[in-house]
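Rule-based calculations on the coordinates, nothing more; no lab input. Worth saying up front: this structure is predicted, and the values here are computed from it rather than measured. Cβ atoms come from the backbone with ideal geometry, glycine included; neighbour counts cover every protein chain shown.
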């Protein structure tokens, strides 16, 4: 603690923090709780009543399942592409001397383009080029949505790559490719895995771009949106709850990995001493 | 090898650059160019032209008021987010122990990767006539009948927007706090500065770029948002993205893109000015050698 906050100020700081977290988490957690309530009316279930009834009935919802399958395909393809592209972008950033900032901005700026505008404009481009809306068009739209996030994650993991390692390898005769495979790639692998999972989730949950770019088979968020507005039902709560839970678990997994690695690195440092 | 070779950075750059140009820049060029085309209200056809009809349409039917109210909402939401985000970032960076720090960081990261649609929708269950807040208000006896203005109102929209985009304010603040040299704070402490004095004279000025970036990120995200208004707004509620959607019902590309051009000019203008003044890019660049 650098500043002596005093008890009152510290309490105040934590109260605001908890309030902020409640604003973010209380509603979706409430929705999750409702999804375990067997009653038709939304409300908190009693502990004795908890039931997976609505989750079991999801299997009969063919429209939702079809949309989920479509979303999973798109999310996987987006994640693969976004991870590779962001790795290349980060490697280029690492090699660049001048114009680094310009390159960083070029990769990150698409994040600020509103989804409606990007989706609509891209669909206009595709229509003019005679490309029919399909799985591929959604992937194209999601790629630029996921790339800035994947790029930042991978760039952060590049902090582990010391230039001296590469110089040493070069002195020993390793060319660029050898250096990449033997040194850079192993060091940034955790970043690549995180980037893959993050891109997957961003695509899975993306709604506005898919709304304009989806072909005959809509993605899950687009179908959910329609159902949410045409009278909510417990099945919607179950599907939303499941997707929310899966997204949370994926990020938690990454956090745990990160924690575990920090601990291993710590004990390694202690051993070295 | 005798042939001059391309520098390796250009070869690495080519694929992502191509994707950015094809899926990012080209559509934006189309947006600007088509905003000057003309649109026939009878056939819904559009044709190349150099007309300002799309822009003129913004002045009709009170469309410009939607733009103004969007900017006001974005400004208000960004301020609210900063008021919550600054103490939160402070608590995460300076107060939390190591383990709690990781947990809180994870909690702030998760919302980026969950569905904005589902999170906005879940506010309906909280704020609705039969939602928990109305249940509680009646149970405690504050009101007899459910309060109607909680949901499908500007209040609900702003609450939903804060919930959606709060993490966008926290992250840049955390990054900027990490770069504050702790000895400055210790020195202030030694010279007798209390918490508030140290905060206002040392920490706030040193985290200026984080404050601006946090404000900007939320502002920009709100200007581009649509789900929160679609899920939580009242009957006539609108925001630019929803208005673009409405204009597109009659395939009026020129007007939709005229609105888009204005929105993009505001967003990119702010981001680039922010980068010039505060070096936003350096917030992310710091970690890599």
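How much FRET efficiency would the formula 1/(1 + (r/R0)^6) give for residue B:181 and residue A:128, where r is the Cβ-Cβ distance and R0 is 60 Å, rounded to 0.05? Write down the numbers at each step before the final one.
Numbers: r = 54 Å, r/R0 = 0.90.
Efficiency for this residue pair is about 0.65.
How much of the pair distance distribution for the stretch B:61-285 lies past 25 Å, counting alpha-carbon pairs only, in percent?
When every Cα pair of the stretch B:61-285 is considered, 51 percent fall beyond 25 Å.
Please work out the C-alpha center-to-center distance from the stretch B:222-289 to the stretch A:219-251 and express it in whole Å.
First find each Cα centre; the distance between them is then 25 Å.
Would you compute the Debye intensity of the protein assembly as shown from its alpha-carbon atoms alone, equal scatterers and no solvent, and pass along log10 I(q)/I(0) at q = 0.06 Å⁻¹ to two decimals?
Values returned for q = 0.06 Å⁻¹ are -0.32.
Need one value for A:118-131: mean number of C-beta atoms belonging to other chains within 10 Å of its residues' C-beta atoms. Walk me through the numbers before you get to the answer.
Values: counts 7, 3, 12, 15, 7, 2, 8, 7, 2, 0, 2, 1, 0, 0.
Neighbouring Cβ atoms belonging to other protein chains average 5 per residue here.
I'm checking a number: the convex hull volume of the Cα atoms of the stretch A:69-134, normalised per residue, in Å³. What is it?
On the way: hull volume 7.4 nm³, N = 66.
Convex hull volume per residue, Cα atoms: 112 Å³.
Could you give the angle, 0 to 90 degrees to the nearest 10, between helix A:220-229's Cα long axis and the longest principal axis of the Cα atoms of chain A?
40
Would you mind getting me the FRET efficiency between residue B:79 and residue A:59? Use the beta-carbon distance for r and R0 = 45 Å, nearest 0.05. Spell out each step's value before the answer.
Working: r = 46 Å, r/R0 = 1.03.
FRET efficiency, residue B:79 to residue A:59: 0.45.
Can you tell which of B:50, B:161, B:175 shows the greatest fluctuation in a Gaussian network model of chain B with Cα springs below 10 Å?
Taking springs between Cα atoms under 10 Å, the residue moving most is B:50.
Given only helices, namely DSSP H runs of n ≥ 4 each adding -39500 (n - 2.57), what is the per-residue ellipticity at 222 nm of chain B, to the nearest 500 deg cm²/dmol? Could you put the intermediate results ahead of the total?
Numbers: 15 runs with 190 residues, N = 289.
Helix-only estimate at 222 nm: -20500 deg cm²/dmol.
As an exercise, use a Förster radius of 45 Å and the Cβ-Cβ distance of residue A:233 and residue B:272 to find the FRET efficiency, rounded to the nearest 0.05.
Working: r = 46 Å, r/R0 = 1.02.
Working from the Cβ atoms, E equals 0.45.
Which angle from 0 to 90°, rounded to the nearest 10, does the C-alpha axis of helix A:135-157 make with the longest principal axis of chain A?
Its long axis makes an angle of about 50 degrees.
Arrange B:268, A:211 by Cβ neighbour counts within 10 Å, fewest through most, would you? Please report the intermediate quantities before stating the final value.
Numbers: B:268 15, A:211 24.
Final ranking by Cβ density, sparse to dense: B:268, A:211.
By counting other Cβ atoms within 10 Å of each Cβ, how are A:260, A:14 ranked from fewest to most?
Working: A:260 10, A:14 15.
Ranking A:260, A:14 by Cβ neighbours within 10 Å, fewest first, gives A:260, A:14.
How well do other chains shield peptide A:199-212, expressed as the mean number of their Cβ atoms within 10 Å of each residue Cβ? It would help to have the intermediate numbers written out before the result.
Values: counts 1, 1, 5, 2, 0, 3, 8, 3, 8, 9, 0, 0, 3, 2.
Mean partner shielding for this stretch: 3.
I need A:250, B:81 ordered by Cβ neighbour count within 10 Å, fewest first.
Working: A:250 19, B:81 30.
Fewest to most other Cβ atoms nearby, the residues stand as A:250, B:81.
Rank by packing, highest mean first: peptides B:14-25, B:82-93, A:112-123, with packing defined as the count of other Cβ atoms within 10 Å averaged across residues. Walk me through the numbers before you get to the answer.
Working: B:14-25: 17.7, B:82-93: 23.1, A:112-123: 24.7.
Listed from highest to lowest mean packing, they are A:112-123, B:82-93, B:14-25.
Quick one: if you take sqrt(5λ) for each eigenvalue of the C-alpha gyration tensor of the stretch A:62-272, what semi-axes come out, biggest first, whole angstrom? Mind showing how you got there, number by number?
Numbers: eigenvalues 272, 103, 32 Å².
They are 37, 23, 13 Å, listed from largest to smallest.
What is chain A's relative contact order, in percent, from Cα pairs under 8 angstrom and six or more apart in sequence? Each step should come with its number before you reach the end.
Numbers: 275 pairs, mean separation 76.0, N = 273.
Worked out over chain A, it gives 28 percent.
Taking the Cα centroid of the stretch B:173-217 and of the stretch A:116-145, what is the distance between the two, rounded to the nearest whole Å?
44
Within the stretch A:155-182, what residues put their amide N at less than 15 Å from the label point 7 Å along the Cα-to-Cβ vector of residue A:265?
Inside the label zone: A:155-163.
May I ask for the angle, rounded to the nearest 10°, between helix A:115-128 and the longest principal axis of chain A, with both axes built from Cα atoms and the value confined to 0 to 90°?
90
Within 10 Å of each Cβ in peptide A:247-260, how many partner chain Cβ atoms are there on average? Round it to a whole number, please.
Details: counts 7, 6, 1, 3, 8, 5, 0, 4, 7, 2, 0, 3, 5, 0.
So the per-residue partner count for this stretch is 4.
Plugging the Kirkwood radius over Cα pairs into Stokes-Einstein for the stretch A:95-210, at a temperature of 10 °C and a viscosity of 1.306 mPa s, what D comes out in µm²/s? Could the numbers behind the result be given before it?
Details: Rh = 16.4 Å.
Reported coefficient: 97 µm²/s.
Multiplying the sequence separation of residue B:143 and residue B:60 by 0.36 nm and subtracting their Cα-Cα distance, what value in nm do you get? Each step should come with its number before you reach the end.
Numbers: separation 83, 0.36 × 83 = 29.88 nm, distance 4.16 nm.
Residue separation times 0.36 nm, minus the Cα-Cα distance, leaves 25.7 nm.
So between residue A:178 and residue A:136, what do we pick up on full extension, going 0.36 nm a residue minus the alpha carbon distance? Walk me through the numbers before you get to the answer.
Values: separation 42, 0.36 × 42 = 15.12 nm, distance 3.39 nm.
Working it through step by step, the gained length comes to 11.7 nm.
Give the distance, in whole Å, between the Cα centre of the stretch A:6-85 and the Cα centre of the stretch B:129-165.
20
Please express the Cα-Cα pair-distance distribution P(r) of the stretch A:1-157 as a list of whole percents, one per 10 Å bin, running from 0 to the bin with the greatest distance.
9, 19, 22, 26, 18, 6, 0
Could you work out the equivalent-ellipsoid semi-axes for the stretch B:44-172, taking the square root of 5 times each eigenvalue of the Cα gyration tensor, largest first, in whole Å?
Numbers: eigenvalues 248, 133, 39 Å².
They are 35, 26, 14 Å, listed largest first.
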